[in-house]
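The values are calculated or read from the model by the stated rules, or taken from the named source; none is laboratory data. Because the structure is predicted, anything quoted here is derived from the model rather than measured. Note: ideal-geometry Cβ built from the backbone for every residue, glycine included; neighbour counts use all protein chains shown.
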Amino acid sequence: MTIYGRTFTTTAFGIGLMIAACAPALAQKGLDEPFQAAFKEALAGKTVAYIPVAMNFDLTEGWFAGVKKELEPYGMKVVVRDPNWSTNAGAQALTTLISEKPAAIIVHNPDVQTYAKLMQRAENEGIYIIQVNMGSVYRSSAFVGANWIEIGERDTEAVVKACAGKSNKIAIVQGALSAAASAYTLKGVENVLAKHPEVKVVSSQAADWDAAKAKAITQTVLKQNPDLCGIVGFWDGMDIGTAAAVKEAGLTGKVFVATSGGGERRGACELVKSGAFDLVLSYDVPTQAEQMAGMIKWLVSSGVKPGSVKGSMYTTLIPVTKENAGSETACWNLSDLKK
Amino acid sequence: MGIKNLGQQGIVFAVFTALFPIFAIALPGFLTTANMLTLLQNVAVLGILGLAMAIVVIGRGIDISLIAALAVPPGLVLQMVQDGHSLSISLAAAFALSIAFGLVNGWLIAYAEVPSLFTTLASGLFLAGLGQAALFKLDVVQWSPGLDGFEKLGQGNLLGIPMPVVMFALACIAVAFLLRQTRLGAYIYAIGDNPNGARVTGIPTRPIIVLQYVMAALIGCAAGLIMASSVNSMPTRIFNSTLIYDVILVVVLGGIGLSGGRGGVVNVIIGTLLIGTMLNGMTIMDVSYSGQNLVKGVVLLIAVITDSFLNPRNEETAQQGDI
């Protein structure tokens, strides 16, 4: 460094000191942040409605708790309409909500069609629609959720990799045939299998999200193919049954079980630790809840016309394996989220 | 026995004996000991529920609330252990809940004389709702370390035979003994055959009806415990599934008439075996879910139609309350 350079640095440092010395004097008067008042006003007293396919399971309870935690401190009211697995009841709830005019509705679609028209109507009436995890054919202001195709692809890639050098026989345990999440995941599975002609699918059946059915199917498949090297399951809640069948056959560790879920500790991490699952792709529910709440804050404070902007926030998946299953951050506890 | 006298039971058994060799020849790996045990294991819980339903149906009733009795008390066991109670206290609470539930069902049907269909339809909804609203935190109640060892009930085996199959066999023997060897069993048949006649002859019909529902609830609870320990969780949402139709199917398909007073444990076993064989065979063949439903429906229709051809109903054979 030349002598000029050093002088310059010293001068700059001196000016910096002077500013620092003056700053406290200015701060004593306080400076109004010009946007926060409008933000608070836009949110206060507004209602956010939430229509899951049903309450009482880790995903929907987690989203509700997370969104409430984020929005209630700003004076927003978060209400839930629980259709308890009835598509009809859900459509009715949505229709009623449109006339009640909440600021935003979070919709968890049971299929790709049923709510599509209603959601479009709601946005025309000035209600923001945020779809979560299971999208419909209608793209609303925001979609926050897992990319099922990616889940199918990554789960299958892991299974194919685990099968390398083994029998190359795999089984697929699908969810319910009517559910878009199941069909999309299957597409992802097919995408990978198309690249691996050596892998043979010995069974691809729907277990209806039911652990007992998944167990029955897996047991029969394992008896027929004791050399099976991997299973792609579509949901951790159902694949408890898949894993139980593998364990009963004494094949834990020999059959690679990959599945996906919301990453709740008992449903995902504990089961990976016990060896029941080898991979759970978690779509981390608390993060999804935060993102939904973030979208709502942004949309409501922006005043943008509902339906005029449309975007997606696909969830960054957390692969839960033996390596991270013991860590504090890989999974979440519903009880903590509810606090 | 001529073909004319072939009852529902005989027809279903014939379908079973026709289907079984076809599967055995056409499907490599079907007729192996391991697969046979899997077949039985997969339908063991259904079979046990069929036995509970049989006791009630033979006494001219029906218990639609059986799935709630299967889901809620065992779910309570898993939840209580998760919350830190001991296994024995949790089990005691579950059995107490089952008995109370059976008593309420039985009292409403026997003393308040509400038809069993409506009573159990409503009480099942009530129990399932109670579970969801007050007892469980989540629909799927997860296994917890406090239950370790208990999973043997669903996953262990006795001399190579899976425990659920052993439990099904024990339940068959117990129910067969109850129905055929005890006075109580004879009374249940009498009540099912002709309730008023039974009462006139001095049989304490009302307490026996109450007892039937208590037994059904307890057997349901036992089946639920086997199921929960078999899949390491209790998916209480099973109440919303179509399982109850499968149970009625096993009973009716096996030849226990809904009009009461007929049939026994053998019928339940035959019905269970047919369902088990179909499910197992179709899983091996990798038939799609909708395809399986289609085949199930066709086989059932054939059985029912054949029955009504061979044993046409007329004024003489029709009974009051026949569905």
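Taking only the stretch B:279-303 into account, find how many residues are of a type in the set (A, V, I, L, M) and within 12 Å of chain A (Cβ to nearest Cβ). Looking only at that region, the number is 5. The residues of the stretch A:38-93 that are hydroxyl-bearing (Ser, Thr, Tyr) and part of a helix (DSSP H, G or I), listed by number, are A:THR60, A:TYR74, A:THR87.
Hey, could you check the stretch A:175-189 for residues that are more than 14 Å from chain B (Cβ to nearest Cβ) and farther than 19 Å from A:VAL221 by Cβ and say which is modelled with the lowest pLDDT? Steps first, please.
First, the residues of the stretch A:175-189 that are more than 14 Å from chain B (Cβ to nearest Cβ): A:180-181, A:184-185, A:187-189.
Filter once more, keeping what is farther than 19 Å from A:VAL221 by Cβ: A:180-181, A:184, A:187-188.
Working: A:ALA180: 82, A:ALA181: 87, A:TYR184: 92, A:LYS187: 95, A:GLY188: 95.
Once the filter is applied, the top-ranked residue is A:ALA180.
Filtering the stretch B:136-147 to residues that are within 11 Å of chain A (Cβ to nearest Cβ) and over 17 Å from A:ALA211 (Cβ atoms) leaves B:LYS137, B:PRO145. Checking each residue in the stretch B:225-258 for being away from every other protein chain (no Cβ under 11 Å) and in a helix (DSSP H, G or I) picks out B:LEU225, B:ILE244, B:TYR245, B:ASP246, B:VAL247, B:ILE248, B:LEU249, B:VAL250, B:VAL251, B:VAL252, B:LEU253, B:GLY254. As a summary of the residue check, B:MET80 satisfies the conditions (1) more than 30 Å from B:THR205 (Cβ to Cβ); (2) surrounded by fewer than 17 Cβ atoms within 10 Å (Cβ to Cβ); (3) away from chain A (no Cβ under 11 Å) except for the one numbered (2). Restricting attention to the stretch A:284-303 and to residues that are out of contact with any helix residue (DSSP H, G or I) (no Cβ under 8 Å at 6 or more places or on another chain) and not β-branched (Val, Ile, Thr), the residue that is surrounded by the most Cβ atoms within 10 Å (Cβ to Cβ) turns out to be A:ASP284. Yes or no: B:ALA100 surrounded by fewer than 16 Cβ atoms within 10 Å (Cβ to Cβ) and under 25 Å from B:ILE238 (Cα atoms)? Spelling it out, B:ALA100 is indeed surrounded by fewer than 16 Cβ atoms within 10 Å (Cβ to Cβ) and under 25 Å from B:ILE238 (Cα atoms). Being part of a loop (DSSP other than H, G, I, E, B), over 28 Å from B:VAL140 (Cα atoms) and not small (Gly, Ala, Ser) is a condition met by at least one residue of the stretch A:94-104. Filtering the stretch A:202-230 to residues that are more than 8 Å from every other protein chain (Cβ to nearest Cβ) and either in contact with a Lys or Arg (Cβ under 9 Å, 6 or more places away or on another chain) or in a loop (DSSP other than H, G, I, E, B) (or both) leaves A:ALA207, A:TRP209, A:ASN225, A:PRO226, A:ASP227, A:LEU228, A:CYS229, A:GLY230. Of the candidates A:ALA194, A:ALA142, the single residue that is free of Cβ contacts under 8 Å to residues at least 12 places away in the same chain, more than 14 Å from chain B (Cβ to nearest Cβ) and either surrounded by fewer than 19 Cβ atoms within 10 Å (Cβ to Cβ) or within 17 Å of the chain's Cα centre (by Cα) (or both) is A:ALA194. When we screen B:THR38, B:THR32 for residues that are over 13 Å from the mean Cα position of the chain (by Cα), touching a residue at least 24 places away in the same chain (Cβ under 8 Å) and under 25 Å from B:VAL166 (Cβ atoms), the only hit is B:THR38.
Please verify whether B:ALA217 is touching a Ser or Thr at 6+ places or on another chain (Cβ under 7 Å), assigned to a helix (DSSP H, G or I) and touching a residue at least 24 places away in the same chain (Cβ under 8 Å), treating the condition exactly as stated.
Details: touching a Ser or Thr at 6+ places or on another chain (Cβ under 7 Å): yes; assigned to a helix (DSSP H, G or I): yes; touching a residue at least 24 places away in the same chain (Cβ under 8 Å): yes.
Against the criterion (touching a Ser or Thr at 6+ places or on another chain (Cβ under 7 Å), assigned to a helix (DSSP H, G or I) and touching a residue at least 24 places away in the same chain (Cβ under 8 Å)), B:ALA217 qualifies.
Reported count of residues in the stretch B:259-274, each being more than 16 Å from B:ALA169 (Cα to Cα) and touching a helix residue (DSSP H, G or I) at 6+ places or on another chain (Cβ under 6 Å), is 3.
Can you spot a residue in the stretch B:89-98 that is within 13 Å of chain A (Cβ to nearest Cβ) and not polar (S, T, N, Q)?
If we filter the stretch B:89-98 for residues that are within 13 Å of chain A (Cβ to nearest Cβ), which is where we start, we get none.
Looking for residues that are within 13 Å of chain A (Cβ to nearest Cβ) and not polar (S, T, N, Q), one finds none in the stretch B:89-98, hence no.
In the stretch A:95-107, is there at least one residue being hydroxyl-bearing (Ser, Thr, Tyr), over 24 Å from A:GLY307 (Cα atoms) and out of contact with any Lys or Arg (no Cβ under 7 Å at 6 or more places or on another chain)? Within the stretch A:95-107, not a single residue is hydroxyl-bearing (Ser, Thr, Tyr), over 24 Å from A:GLY307 (Cα atoms) and out of contact with any Lys or Arg (no Cβ under 7 Å at 6 or more places or on another chain). Filtering the stretch A:224-255 to residues that are surrounded by fewer than 24 Cβ atoms within 10 Å (Cβ to Cβ) and either free of Cβ contacts under 8 Å to residues at least 12 places away in the same chain or closer than 26 Å to A:VAL285 by Cα (or both) leaves only A:GLY250. With respect to (1) over 24 Å from A:ALA216 (Cα atoms); (2) surrounded by fewer than 24 Cβ atoms within 10 Å (Cβ to Cβ); (3) among the aliphatic types (A, V, I, L, M); (4) not assigned by TED's automatic domain parsing to the domain that holds A:PHE64, the lone exception for A:VAL320 is condition (2).
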